[in-house]
1. Counting only residues 5 or more places away or on other chains, whose amide H sits under 5 Å from the amide H of His129 once H atoms are built in the peptide plane?
2. Skipping prolines and chain starts, which residues have an amide H placed within reach, meaning under 5 Å, of the one on Ala6, given they are 5 or more residues away or on another chain?
3. Mind checking which lysines have their Cα closer than 21 Å to the Cα of Lys39? Skip sequence neighbours fewer than 8 apart in that chain.
4. Using the crude model of +1 on Lys and Arg Cβ and -1 on Asp and Glu Cβ, and no other charge, please compute the dipole size for the stretch 2-143 relative to its Cα centre, in debye to 20.
5. Please give me the summed charge of the neighbours of Ile76: other residues whose Cβ is under 10 Å from its Cβ, Lys and Arg +1, Asp and Glu -1.
6. Counting other beta carbons within 10 Å of each Cβ, put Arg9, Arg120 in order, fewest first.
7. How charged is the neighbourhood of Ile142? Take every other residue with its Cβ under 14 Å from the Cβ of Ile142, and add Lys/Arg as +1 and Asp/Glu as -1.
8. Amide H neighbours of Thr85 under 5 Å, counting only residues 5+ apart in sequence or on other chains, H built in-plane at 1.01 Å?
Amino acid sequence: MGKVIAVCRSDIKGIQKKDQGEGLFLEEFGLENDAHAGKWHRQVSLLSYDKIEAFRARGAKVDHGAFGENLVVEGIDFSSLPIGTRFKCNDVILEMTQIGKECHHGCAIYQQMGDCIMPREGVFARVIHGGRIKAGDEMEIISQGE
């Protein structure tokens with residue numbers, strides 16, 4: 001069982017997301033008003049709170065959303081789970097479609113730290129069933145992929 005720590009979005013691609021505290025997740029689209037939402041396999045990005053905290057312990061000064069993640073969740077190690085894993089939070093059902101992504105080395109975090117966790121730890125999902133998620137909500141794994 002995990003706990004949602006932050007719900008982040010940005011209006012424009014290529015900038016850090018800001019914690020909004022809550023958001024509406026639209027079926028087969030993503031987080032409402034987020035620049036990365038759309039009809040594709042990377043509708044929502046998720047990052048484990050524990051991985052962010054470990055990165056902060058190395059000296060990184062990063063806020064929630066700094067890696068471009070939509071959801072920060074404590075208690076679930078997303079990158080250790082297989083593609084196809086499904087998560088439920090309130091009415092929202094997400095299906096994991098990708099682990100990591102290529103990071104452009106010009107990003108501010110990489111320039112500051114010489115490293116970025118999103119390529120290894122961030123995961124992407126599509127919205128199977130929509131609804132609202134807010135900080136403090138519980139997220140559970142309802143099935144594991146292959």
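Readers should treat all values here as calculations from the given coordinates under stated rules, not as data from a laboratory. As the structure is a prediction and not an experimental result, all values here were calculated from the model. Ideal geometry is used to build each Cβ from the backbone, glycine not excepted, and the neighbour counts take in all protein chains shown.
1. When sequence neighbours closer than 5 places are left aside, the close amide H contacts are Ile93.
2. Distant-sequence amide H within range of Ala6: Val72.
3. Lys13, Lys17, Lys88, Lys101
4. 320
5. Within the 10 Å Cβ shell, the charges total -3.
6. The order, fewest Cβ neighbours first, is Arg120, Arg9.
7. Local charge sum for Ile142: -2.
8. Answer set, sorted by chain and number: Met96, Gly145.
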